[in-house]
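The values are calculated or read from the model by the stated rules, or taken from the named source; none is laboratory data. These figures come from a predicted structure and were not determined experimentally. Cβ atoms come from the backbone with ideal geometry, glycine included; neighbour counts cover every protein chain shown.
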Amino acid sequence: QMQDPKTVSWMSGALPVEEGIKSIRKRTVNLLLDTYRNCESFEEKQSVIKVLGATTKLPEMGKFGEDLVAMVADDTEVLIKQYSDILFNPEGKLIADLPIAQEIESQMLRLDGLLKKKIPGAKKLVEKIRKDKKYSFFRLLAVGKFDYDDEKDFRVSELKREQEISKLFKNLNKENIAEYTVIFNDIAVYYNQKERWQWQKFSDLIITIAREKPELNTTRTQLRD
């Protein structure tokens with residue numbers, strides 16, 4: 001802000017909540033959603049979803065009032081409706097790429113407590129995503145770092161995760177390995193060599209199957225280099 005030719009003032013913190021700011025935010029979100037629809041690869045789509053996540057965040061520094069919280073809450077509620085259309089078909093089946101579902105789930109779990117109180121739809125969206133069988137396996141095996149629910153101790157959640165993977169391994173047999181191979185291959189499609197650390201649990205499971213249950217030789221899941 002330049003008050004006169006010799007004086008410049010710098011401002012920090014949240015901008016005042018004005019109709020102009022609200023309009024800019026809405027136009028930006030709509031532009032990003034249009035960009036998403038025109039993306040060809042899931043990597044491009046995932047990048048756009050990550051940028052859209054900024055819509056759901058409150059300022060990290062400076063003071064702000066209830067008017068700003070209300071603006072971000074309103075925009076987030078609109079975004080959740082758009083996310084639902086991206087994620088599910090009219091019958092409620094998950095149709096989005098699994099990494100995109102995971103990014104949206106993470107955004108909902110990372111909402112500030114002030115927003116979670118105002119947006120019950122965020123929790124409902126997470127619950128709906130997690131009901132998908134294939135996504136539940138993707139989240140279990142192919143996500144290196146969990147975003148945990150606030151009310152749960154992350155150590156308890158991580159222990160439960162290990163127990164679920166162990167149970168999955170024990171339940172694998174000749175009768176169900178074909179079904180699980182399809183699921184594993186659908187997950188492996190999203191493997192990224194640059195993010196292979198996130199896939200450690202998945203690769204450990206495949207190696208353990210080959211080593212300890214060699215009779216299940218129909219397993220053909222591989223992670224590409």
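Listing for the model above:
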read-out	value
All positions within region 89-122 that are assigned to a loop (DSSP other than H, G, I, E, B) and either farther than 20 Å from Tyr36 by Cα or touching a strand residue (DSSP E or B) at 6+ places or on another chain (Cβ under 7 Å) (or both)	Glu91, Gly92, Ile95, Arg110, Leu111, Asp112, Lys117, Lys118, Ile119
Val143, sole failed condition from (1) at pLDDT 90 or above; (2) surrounded by 16 or more Cβ atoms within 10 Å (Cβ to Cβ)	(1)
In region 179-191, the residues that are polar (S, T, N, Q) and touching a residue at least 40 places away in the same chain (Cβ under 8 Å)	Thr181
Some residue of region 128-135 being modelled with pLDDT of 95 or more and hydrophobic (A, V, I, L, M, F, W, C)	yes
Inter-residue pairs, beta-carbon under 6 Å, first closer than 19 Å to Met108 by Cα and of a type in the set (Gly, Ala, Ser) and in region 130-158, second surrounded by 12 or more Cβ atoms within 10 Å (Cβ to Cβ) and modelled with pLDDT under 80, 6+ apart	Ser157/Tyr148
Leading residue by the ranking (surrounded by the most Cβ atoms within 10 Å (Cβ to Cβ)) among those in region 33-42 that are more than 14 Å from Thr76 (Cα to Cα) and among the hydrophobic types (A, V, I, L, M, F, W, C)	Phe42
Single residue of Gln82, Gln46 found to be more than 25 Å from Glu18 (Cα to Cα) and of a type outside the set (A, V, I, L, M, F, W, C)	Gln46
Residue within region 63-86 that is charged (D, E, K, R), within 19 Å of Glu127 (Cα to Cα) and surrounded by fewer than 14 Cβ atoms within 10 Å (Cβ to Cβ) present	yes
Residue satisfying all of: in region 29-80; charged (D, E, K, R) and not in a helix (DSSP H, G or I); farthest from the chain's Cα centre (by Cα) among these	Lys63
